[in-house]
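What follows is a single structure, written as structure tokens, with notes after it.
The values are calculated or read from the model by the stated rules, or taken from the named source; none is laboratory data. Model, not experiment: these values are computed from the prediction. Quick reminder, even Gly has a Cβ in these numbers, built from the backbone with ideal geometry, and neighbours come from all protein chains shown. Just the protein is used for accessible areas: all its heavy atoms, side chains included, with ligands, DNA and RNA removed. Shrake-Rupley method; radii C 1.70, N 1.55, O 1.52, S 1.80 Å.
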Amino acid sequence: MRPWRRKSTSDISVNLKFTSPTGLLRSLDDGTVDIIVASGKPRRKSKSLLIDRRRDCIAVSPFHPLASREEVDFSELRQEKFIAISRASSEAGYESIILHAAAAGFTPDIVGQADTISALLMQVACDAGISVLYKEHQANSGDNVVFVPLRGEKLFNRYLLWSQENNPCINAMIEVAKNTFIQSG
């Protein structure tokens, strides 16, 4: 892992901030930050660059009957109880369960919400319900949660988003993102 440093010149300052996806989008909207990496659909007033697409998975306890499957169709989850990331933490994350279920012809039974991915993974590990995440989160759960890919073309998208064009750093960041994510993707 590369160490990140704060670097300033007379007209450019780079600060890395970590917050909830909804907080990031609000910060972009109110001009507190100039550029972010976020998931979900970009807002109309933001410019965007798609930098990552990942296949959605269901996250289940290792004791859940679906844990041994190679992949699962969302229509098979009609009777399942779901744990969702809270709307306040990630509106796109919360809505993903609803959208997947609607496409499969049912309304999900969301029995719990969590403010963080760690709390969500704990609830799934305790078999309180299942969730929809992408496999990258497996690093945070170890063997306590199993990730089973969803059948089909259901993809999680991550974007580089910005709203202003008068910042000299934005074009450089876009080029770095293109070279890092798109050409190597």
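Counting just the residues of region 23-66 that are among the hydroxyl-bearing types (Ser, Thr, Tyr) and under 30 Å from ALA128 (Cβ atoms), which one comes out modelled with the highest pLDDT?
Among those residues, the one meeting the criterion is SER61.
Give the residues of region 137-154 that are open to solvent by 50 Å² or more (accessible area, probe 1.4 Å) and either β-branched (Val, Ile, Thr) or in contact with a Phe, Trp or Tyr (Cβ under 9 Å, 6 or more places away or on another chain) (or both), sorted by residue number.
GLN138, ARG151, LYS154
Tally time: how many residues in region 122-174 are more than 25 Å from ALA102 (Cβ to Cβ), among the aliphatic types (A, V, I, L, M) and assigned to a helix (DSSP H, G or I)?
So the count comes out to 7.
Can you tell me how many residues in region 107-121 are out of contact with any helix residue (DSSP H, G or I) (no Cβ under 8 Å at 6 or more places or on another chain) and either open to solvent by 50 Å² or more (accessible area, probe 1.4 Å) or assigned to a loop (DSSP other than H, G, I, E, B) (or both)?
Final tally of qualifying residues: 4.
Quick one: in region 55-88, of everything that is touching a Pro at 6+ places or on another chain (Cβ under 6 Å) and under 11 Å from LEU150 (Cβ atoms), which residue is least open to solvent (accessible area, probe 1.4 Å)?
CYS57
Can you name every residue in region 67-81 that is of a type in the set (A, V, I, L, M) and farther than 15 Å from ALA102 by Cβ?
Correct list: ALA67, VAL72.
Restricting attention to region 31-49, report how many residues are open to solvent by less than 60 Å² (accessible area, probe 1.4 Å) and either in contact (Cβ under 8 Å) with a residue 60 or more places away in the chain or within 23 Å of ILE98 (Cα to Cα) (or both).
11
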